[in-house]
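Peer 1: Questions regarding the structure given below will be posed in turn.
Each value in this text was obtained by applying a stated rule to the coordinates, not by laboratory testing. Everything quoted here is computed from the prediction, not taken from an experiment. For neighbour counting, all protein chains shown are included, and Cβ atoms are generated from backbone atoms with ideal geometry for every residue, glycine included.
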Amino acid sequence: MAQAVKIIEGGKLVIPAAMRRAMGIGRGDTVVVELLPEGELRVRPLAAAIREAQAIVRESVRPHRSLADELMRERKQDAARE
């Protein structure tokens, strides 16, 4: 799906309604905008960006390892040293 749109005052880009519906975004929602190396602009819902980040972390962390527990342990150790 492609459609030509104009940039309006303030550098705003209006995403056509059909595309917003297909993306599941509405007024007031937060989107992530990313400039790709090819000069393309990628726009996606915040939830989609979070899911992608979570998948990257899952691939990088061995099963049954809790990064939250590790962070809490490190914070307690830092606090004890102060």
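Peer 1: Which order, highest average first, do 54-62, 15-23 follow once you tally other Cβ atoms within 10 Å for each residue and take the mean per peptide?
Peer 2: 15-23, 54-62
Peer 1: On C-alpha positions alone, give me the angle between the axis of helix 67-81 and the longest principal axis of the chain, in degrees, nearest 10.
Peer 2: 50
Peer 1: Given the DSSP H assignment, sum -39500 (n - 2.57) over each helix run of at least 4 residues in the chain and divide by its residue total; what's the result at 222 nm in deg cm²/dmol, nearest 500?
Peer 2: Computed mean residue ellipticity for the chain: -14000 deg cm²/dmol.
Peer 1: Tell me, in nm to one decimal, what length is gained between Val14 and Val33 on full extension, where the rule is 0.36 nm per residue of separation less the Cα-Cα distance?
Peer 2: Taking 0.36 nm per residue and subtracting the Cα distance, the gain is 5.5 nm.
Peer 1: Another question, if that's okay. With each pseudo-label sitting 7 Å past Cα toward Cβ, what's the Leu71-Ala4 distance in nm, one decimal?
Peer 2: So the label points at Leu71 and Ala4 sit 4.6 nm apart.
Peer 1: Continuing with this model, one more query. Would you work out the relative contact order for the chain, in percent, from Cα pairs under 8 angstrom that are 6 or more residues apart?
Peer 2: 14
Peer 1: I've got another one for you. Would you mind classifying the chain by shape? Square roots of the alpha carbon gyration tensor eigenvalues, ordered a ≥ b ≥ c; an a/c under 1.5 is rounded, otherwise it is prolate if a/b is larger than b/c and oblate if not.
Peer 2: Verdict is prolate for the chain.
Peer 1: OK, next. FRET efficiency for Asp78 and Ala55, Cβ-Cβ distance as r, R0 = 35 Å, nearest 0.05?
Peer 2: 0.75
Peer 1: In whole Hz and in residue order, list the ³J(HN,Hα) couplings for the stretch 37-49 that follow from phi through the Karplus curve 6.51 cos²θ - 1.76 cosθ + 1.60, θ = phi - 60°; x for Gly and Pro.
Peer 2: Once θ is set to phi - 60°, the couplings for the stretch 37-49 become x, 6, x, 8, 9, 9, 10, 8, x, 4, 4, 5, 5 Hz.
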